[in-house]
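Okay, structure first, notes after.
The values are calculated or read from the model by the stated rules, or taken from the named source; none is laboratory data. All of these numbers come straight from a predicted model, not from anything done at the bench. Using ideal geometry, Cβ is built from the backbone for each residue, glycine included, and neighbour counts are taken over all protein chains shown. Protein only, heavy atoms only, side chains kept; ligands, DNA and RNA dropped before computing areas. Shrake-Rupley method; radii C 1.70, N 1.55, O 1.52, S 1.80 Å.
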Amino acid sequence: QVQLVESGGGLVQAGGSLRLSCAASGRTFGNYGMGWFRQAPGKERDFVACIRYHDGSTNYADSVKGRFTISRGNAKNTMYLQMNNLKPEDTATYYCAVGYDSGCYSAAARYDYWGQGTQVTVSS
């Protein structure tokens, strides 16, 4: 059974940092692109960042550029999101996802598997 598990969320003050992790199991995801999305209460799920399998190229939402960094572990079944200089508007549930192919996409519809999410709360 395919499973994605996020961890690393929590409560942090504005300006602080958190590192989210995503561990995938149940199959080999090494050939697939992966991404992070987030959803705040009452809002739609928004793209945060993605990473392509072949060359590790990345893409970020404008709101997090220069503050967040996406990366993959050596085993390729793990993914990270380093979040620096956090702001209250970053408060949301963060989800990791594995794509249908090796690409890096901002559209949620391009992703096949999703984790259950980890809560990030940034206080002002």
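Summary table below
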item: So Asp101, is it assigned to a loop (DSSP other than H, G, I, E, B) and among the acidic types (Asp, Glu); result: yes
item: Pair list, Cβ under 9 Å, 6 or more apart: segment 11-25 residue farther than 23 Å from Gln116 by Cβ and open to solvent by less than 30 Å² (accessible area, probe 1.4 Å), other residue modelled with pLDDT of 95 or more and not hydroxyl-bearing (Ser, Thr, Tyr); result: Gly16/Met83; Gly16/Asn84; Gly16/Asn85; Gly16/Leu86; Gly16/Val122
item: Matching residues, segment 72-96, being of a type in the set (S, T, N, Q), part of a strand (DSSP E or B) and farther than 26 Å from Lys43 by Cα; result: Thr78
item: Residue in segment 59-96 that is nearest to Leu11 (Cα to Cα), counting only those that are in contact (Cβ under 8 Å) with a residue 60 or more places away in the chain and buried (at least 20 other Cβ atoms within 10 Å of the Cβ); result: Leu86
item: Positions within segment 26-41 being open to solvent by 20 Å² or more (accessible area, probe 1.4 Å) and not in a strand (DSSP E or B), in sequence order; result: Gly26, Arg27, Thr28, Asn31, Tyr32, Ala40, Pro41
item: Selection count where residues are under 11 Å from Ser102 (Cβ atoms) and either surrounded by fewer than 16 Cβ atoms within 10 Å (Cβ to Cβ) or touching a Leu at 6+ places or on another chain (Cβ under 7 Å) (or both), scope segment 42-55; result: 2
item: Check on Gly16, at pLDDT 95 or above and not in a strand (DSSP E or B); result: yes
